[in-house]
1. Within the range 384-400, does at least one residue satisfy the condition of being over 15 Å from the mean Cα position of the chain (by Cα), at pLDDT 95 or above, of a type in the set (D, E, K, R) and buried (at least 19 other Cβ atoms within 10 Å of the Cβ)?
2. Would it be correct to say that A449 is closer than 18 Å to I462 by Cβ and modelled with pLDDT of 95 or more?
3. Against the definition (in contact with an Asp or Glu (Cβ under 9 Å, 6 or more places away or on another chain) and not basic (K, R)), how does A419 come out, yes or no?
4. Evaluate the following for S421: is it over 30 Å from S309 (Cβ atoms) and in contact with a helix residue (DSSP H, G or I) (Cβ under 6 Å, 6 or more places away or on another chain)?
5. Being crowded, with 24+ Cβ neighbours inside 10 Å and touching a residue at least 60 places away in the same chain (Cβ under 8 Å) narrows it down to one residue among A480, A465, A476, A471; which is it?
6. Mind checking which residues of the range 115-137 are farther than 23 Å from T191 by Cβ and crowded, with 19+ Cβ neighbours inside 10 Å?
7. Pairs please, first residue from the range 127-144 and closer than 19 Å to G211 by Cα and in the same structural domain as P175 (by TED's automatic domain parsing), second anywhere and modelled with pLDDT under 95 and in a strand (DSSP E or B), Cβ atoms under 8 Å, 6+ apart in sequence or on different chains.
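The values are calculated or read from the model by the stated rules, or taken from the named source; none is laboratory data. Please read these numbers as outputs of a predicted model, since none were measured by experiment. Cβ placement follows ideal geometry from the backbone for every residue including glycine, while neighbour counts extend to all protein chains displayed.
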Amino acid sequence: MHPDNCRRVLYAAGGDFPRLDQAAVKQFHIPESLLMENAGNEIGRKAASLYRQLNKNQPVVVICGPGNNGGDGLVIARYLIKHGIKTIVFIAASRQKINTSPVRREKLDLLEKYTKDIFFIKKINTFFSAACQHASLIIEALFGTGAGRALDGIYAEVINLLNTLSVPKLAADIPAGLGIKNSISLRADYTCTVQFFKEIFFSPAYASGCGKISVIKTDFPPALEKKYTRSIMLIKKPVLPEADTGRNKFSGGRVLICAGSSFYSGAPFLAAQGALCGGAQYVTVLAAGKPCNIPPACIFHQAADFFSSEDFSSRADLFTGASFILTGPGLGRNPQTTDFVEKIINLKDKTVIIDADGLYHLGKILSSKSFPGRIVITPHSGEFARLSGTEPEKLRSEPMTVIKDFYRKYKIAVILKDAASFFYNGEAFYFLPGHIPYLAKAGSGDILAGTLLAMLSLGQDIDQAAVNALALHGLAGKLASKKYGVHAPIEKLPECIARCLKKSEYEKS
């Protein structure tokens, strides 16, 4: 059972989409020409709609490569011309290369019946540059999912030029060069992908190069979909519990925040604000160091300059009475604090959230542990790369693989914070798309962890709480950007979380 505010979508992983294409032709006897015609016409339909929305009078430029993605481009161009849109076609290959494929030769022959504005290019020239610079829309159909090596020569030159232009750019299937090691890639404003999302679209390293993504359907056999695709849950807006007039402050679970040290005095405040503004009704803060401005609505307990196992033993009642515990924000890296974190995660029948410096201490004890409680970690990419022992580049390019391997080994649920965020619970991936620059600030993660505590205390299970905390955090980030500006301090975020709890507010965002 998935949270109601998610949409299940299919995606093709790695090289699965080319194999799916081949299986459609060989096993189901669908002509390759028909597959190309369907894909090109559907992308052409999207491109024509976009052209009209842009409301410009200049031609559309279609740039085709030597392979089947280029063949799609030839069909796209024909569709646009048939629908009255002036179109100039550039082919970054020789006619002989196109003619090596009967299907691509057929598409070129058909296009030549509609227009003479078809130009074969071996290098960038003045005419090509001017046509691109003055176009209403550029459609890039150089390479799709079959490209296997870094772009060079004319292809790299074309992408270099396109990336300097402010003209809207639409990539057919995927932006050329995307995800290829050491390759330049198109920075598209729009990507019109065939049949399914592609796994690379969910990679923080590459997602920003795709722009707005839409999926066009071309009637692949359902049996192939089942064999060659996987699913992911896209997170939409938060779905929050209805107010219960019979609730009191003890109705929800009690939450405990263990945060701070002598060097990080603001972390307890931010985590507590995230919990309170997220709707938690009974919040206890155990803070080390000299915390600043603990919200007066919290029950406050003072620890020493840093946490140690003594703080756990001397305040056993706090841990016994709490249903949900957050530790990590501002803890620092004192070796004695590792013992404190270990005692917390050894608690049975507790849900424990570990963030920030708590992840450092978790890493010290991870290899020898099985965990009796339910643990959710909330790292950013750098923290998770260190914790999982993964190269940062691999994590950014293959986040789902790394997260799944980590869960398989430790049975710890993961919220990975990045330009786009993931939640994985061992069964399904949840994905929150979109980079929100306002949230890229110190303290943002403390507030997210506090908001997750609040969702749990409102009676939501871990999946619902994680999905809603991510959605609420992202929505509040957008609201804060709109209301205060992208450079406003992160202290504005909890207030915006509280506002987004009102359905009327987040529907406006």
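1. Scanning the range 384-400, I find no residue that is over 15 Å from the mean Cα position of the chain (by Cα), at pLDDT 95 or above, of a type in the set (D, E, K, R) and buried (at least 19 other Cβ atoms within 10 Å of the Cβ), so the answer is no.
2. In short, yes.
3. For A419, the condition - in contact with an Asp or Glu (Cβ under 9 Å, 6 or more places away or on another chain) and not basic (K, R) - is not met.
4. In short, yes.
5. The unique qualifying residue is A471.
6. Hit for the range 115-137 is I118, nothing else.
7. G144/V194
Per-residue answers, yes or no, for (1) modelled with pLDDT under 90; (2) in contact with a helix residue (DSSP H, G or I) (Cβ under 7 Å, 6 or more places away or on another chain):
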| residue | (1), (2) |
| --- | --- |
| A188 | no, yes |
| A207 | yes, yes |
| C210 | no, yes |
| T218 | yes, yes |
| L224 | yes, yes |
| S231 | no, no |
| A243 | yes, no |
| L256 | no, yes |
| P268 | no, no |
